[in-house]
Amino acid sequence: MAPHYNSAVVSFIFLSLLAFQVSICLSDIQISSNKTTMAASAVAKPLFACDFEVFGRVQGVFFRKYTESQANTLGVRGWCMNTRDDTVKGQLEAPLPQLNEMKHWLETKGSPSSIIEKATFTAAKEIPDYTFSGFSIKR
């Protein structure tokens with residue numbers, strides 16, 4: 001009977017050590033995963049800036065207000081203003097995907113009552129950091 005008892009104890013100890021080792025491996029994987037996640041989030045996306053001007057029926061139709069709202073939704077910074085030539089011009093700053101989405105919106109959507117004839121943009125230039133703290137309407 002004694003050898004059977006020792007076998008049960010040895011099996012219990014073996015399984016306990018195995019479970020402990022698996023637990024250590026899983027925590028190592030979790031730590032490694034957290035380091036990878038932190039490293040990925042610490043990498044900043046490159047920022048780009050460009051100027052724009054939108055032509056058509058864009059004044060008196062809440063175009064600037066809708067532009068500000070869309071920019072804030074996308075996380076785009078900059079400003080816009082009415083011009084004496086009945087256009088709306090401004091500057092945009094954002095990572096390239098958001099900048100391109102905002103440019104597309106300015107070319108094709110605008111405010112519900114606006115009629116966009118065309119929109120012009122300067123070439124997007126990479127910038128080291130944001131110049132603006134948000135998006136504003138200049139008066």
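Values computed for the structure shown
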| read-out | value |
| --- | --- |
| Which numbered condition A44 misses (of (1) hydrophobic (A, V, I, L, M, F, W, C); (2) modelled with pLDDT under 95; (3) crowded, with 20+ Cβ neighbours inside 10 Å) | (3) |
| Qualifying positions in region 49-88 - more than 14 Å from E107 (Cα to Cα), of a type in the set (S, T, N, Q) and crowded, with 17+ Cβ neighbours inside 10 Å | N82 |
| Test: D129 is in a loop (DSSP other than H, G, I, E, B) and under 30 Å from V43 (Cα atoms) | yes |
| Whichever residue in region 94-117 is open to solvent by less than 10 Å² (accessible area, probe 1.4 Å) and under 21 Å from the mean Cα position of the chain (by Cα) and, among such residues, is farthest from V54 (Cα to Cα) | A94 |
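The values are calculated or read from the model by the stated rules, or taken from the named source; none is laboratory data. All figures in this text were calculated on a predicted structure; none of them were measured in a lab. Positions of Cβ are backbone-derived with ideal geometry, glycine not excepted, and every protein chain shown enters the neighbour counts. Please note that ligands, DNA and RNA were not included when accessible areas were found on the heavy atoms of the full protein model with its side chains. Shrake-Rupley method; radii C 1.70, N 1.55, O 1.52, S 1.80 Å.
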